[in-house]
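All of the numbers you see were taken from the coordinates with simple rules; none came from a lab. What you are looking at is a predicted structure, and each value in this text was computed from that prediction instead of being measured. Neighbour counts are summed over all protein chains in view; Cβ atoms, including those assigned to glycine, are modelled from backbone coordinates with ideal geometry.
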Amino acid sequence: MHIYSINGINFMPKTSVSKNSSNNYATQVISHSKADSVSFSGKFHPVKLDVTFDKALEVGKSLSTSTSGHRAPYLSENFTPDIVKLISIGVARTAAIKAMNNKEKESFVLIGGDTRQASRESLPLIKDTILKQGANVVEIKEPVPTPLLALAARDLKVDLGVLMTASHNPWADGGYNVVTNNGAIAPASVTGEIADQMKNAMKSGVYEYANHKKQAVDFDPFDMYVNELDRNGLIDWNRIKDSGLVVYYDGLQGTGTYTVPRLMKEKGINFVNVESKGQEGPNPTDANLGELKSRLASSEDALKIGLANDGDADRFGVIDEKGNFINANDVILLTGYHLAKNKGRTGAVIRSQATSMQLDRLADIYGLKKFETPVGFKYIAEEIEDLRRNGEDILVAGEESGGLTVNGHIPEKDGIIAISLMMDLVATEGKPISEILKNVKEELGVAFSINNFSKKYKENPEKMDAVMAKVEQLYNDAMNGKTALGATHEIDAEKTAELRARMESQRKGGDGYKFILTDGSSVLLRKSGTEPLVKCYVEATGEDAEAAKKNSDVLASQMSDFMTV
């Protein structure tokens, strides 16, 4: 048996398929993507899917326009096994087209997922479907964090990766995500092609190989990931080990529980595993990390930190030595500070428009470029890839929902490298993280205060649309000279219009409406990309923390009233 090599990594039995063969399925897919019907040879047989054409279009739109893949309650009308199969057909056919365009004889799809029921039950179906569509499968069988799968997709150079996760969403949800071989969540250009392939399949009939000869192989990306962390050189494991730091870790029953303790043991880090339960979803928020906060507050360890990840370990949670939650905006700030000051790294700073402007202030202090994107890490990933194509890199890129990546790393959220850098920061400075954060904020020279909240409209979606109509009218009024925002603030129409234009250039229709105020504060209102919510992000500045908080409280109260319909 021959061993097939992907990007120099030998692990898969090779099957030889001639690029010019009339039975090459990639050729069939190319013609299939350009016509409503295709005449298949006897190697194929029809498959009946219980999915209407309108539902296929709806799911394709969800996949291609949401901030991170297709999500819905598992086994609801929007996330059935047949819908999973249809998306997988679109993935396999798109992978075949990519392979053909790259003059490759074989197409490869990497698959893996998180710990939830939707992933466990869907992955065998996805594997079977992709094989029968004529693509080889590289399967990560154990629940896998998003950053590990993304890194494997990049280094194995598969054509596409399938990541089954609903991330931090409620446990009952399913999530179908696609990853590129750059190690990033697929942009709209890729997910749009998958949606087109789904539509074409529904139009002309769904077919699969009757007797496929494709290969499937298991792959464990753990060593690949650890080697990547070591290669980048951002984490001084020996310093952490020798510092006396005690790490309390809560994986919230997600994929981090399969990777982080294993990493800690391998690197000799003194850690305590915390197993909290009962959360609606594996989201490392202040409210969900009560057990971790309690353990930190009661611990007598001299140097300590609490760390957590969400369901697919692309997000992070950090608890200080007193048991207080450190919000994601401050973790991103600390990461940028640590990389610039302690690690001597440089590069651009990228944040979503919902993320604190204090990161811009840090960029100004260190003389770095800064970029603002729509919400959704796929937009941040596109900026990162543009920079790298031009021979540049980032210092840090992140978003307030708890995701970041760093200099020299994959263009995808990585909650594991985020918490590792927090360990490294504390070990490097030998001080509690709350003290480090206080000093960093003082260095900014201006205080920032954030007051974010959401309103749910699950039972009344028409109210959500009514709120967004009010927001649009507020924007139009500001553009026509009516710039008052409540009784206390005024909209800077010129800066608001400039930002709106930038958001529309990156995402069709923009990403909600962000209002820049004349005193340097800002208000963003936007629909959630994964839940029936309207989110409001308020950030205010002031000479000190008290003044900034007073300003943000006033703005948040006004916006809460505004969002009531």
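Some observations on this one:
- Residues of type lysines that LYS431 reaches as a straight line, Cα spacing below 16 Å, ignoring anything fewer than 8 places off in the same chain: LYS241, LYS304, LYS322, LYS341, LYS441
- Cleavage-rule hits (GluC sites (Glu not before Pro)) in the stretch 49-115: DSSP loop, at most 13 neighbouring Cβ within 10 angstrom: GLU77
- A straight line joining the Cα centroids of the stretch 124-163 and the stretch 411-469 runs 31 Å.
- Rough spin-label spacing in nm, given labels placed 7 Å along Cα→Cβ, for ASN476 and LEU75: 4.6 nm
- Formal net charge of residues neighbouring LEU525 (Cβ-Cβ distance under 11 Å; K, R +1; D, E -1): +4
- Entries in LYS463/LYS495; LYS55/LYS203; LYS105/LYS127 that, when Cα-Cα distance is taken, lie over 23 Å: LYS463/LYS495
- Table column - 3J(HN,Hα) (Hz), the stretch 231-248, Karplus curve with 6.51, -1.76, 1.60, x for Gly and Pro: 4, 5, x, 7, 10, 9, 4, 5, 4, 4, 4, 8, 7, x, 5, 10, 9, 9
- GLY175 long-range amide H proximity, modeled H, under 5 Å: THR165, ALA166
- Applying the Karplus relation 6.51 cos²θ - 1.76 cosθ + 1.60 with θ = phi - 60° to the stretch 521-526 yields 3J(HN,Hα) values of 7, 8, 9, 10, 10, 7 Hz, where x marks Gly and Pro.
- The chain: angle of helix 415-429 to the longest principal axis, Cα-based, in degrees nearest 10: 40 degrees
- HN-Hα J in Hz across the stretch 192-208 - Karplus 6.51, -1.76, 1.60, θ = phi - 60°, x for Gly and Pro: x, 5, 4, 4, 5, 5, 4, 5, 4, 4, 5, 5, 9, x, 8, 10, 9
- Within the same chain, aspartates and glutamates fewer than 8 places from LYS43 are excluded, and of the rest, those with a Cα less than 19 Å from its Cα are GLU106, ASP128, GLU208.
- Cut-off under 5 Å, modelled amide H: who pairs with PHE371 long-range: VAL349, ILE350, ARG351
- The amide H of LEU252, built 1.01 Å from its N in the peptide plane, has SER276, ASN309 as neighbours under 5 Å, considering only residues 5 or more places off or on other chains.
- Most to least packed among 119-126, 356-363, 393-400 [average Cβ atoms within 10 Å]: 393-400, 356-363, 119-126
- If you take the Cα centroid of the stretch 327-359 and the Cα centroid of the stretch 286-320, the two points sit 20 Å apart.
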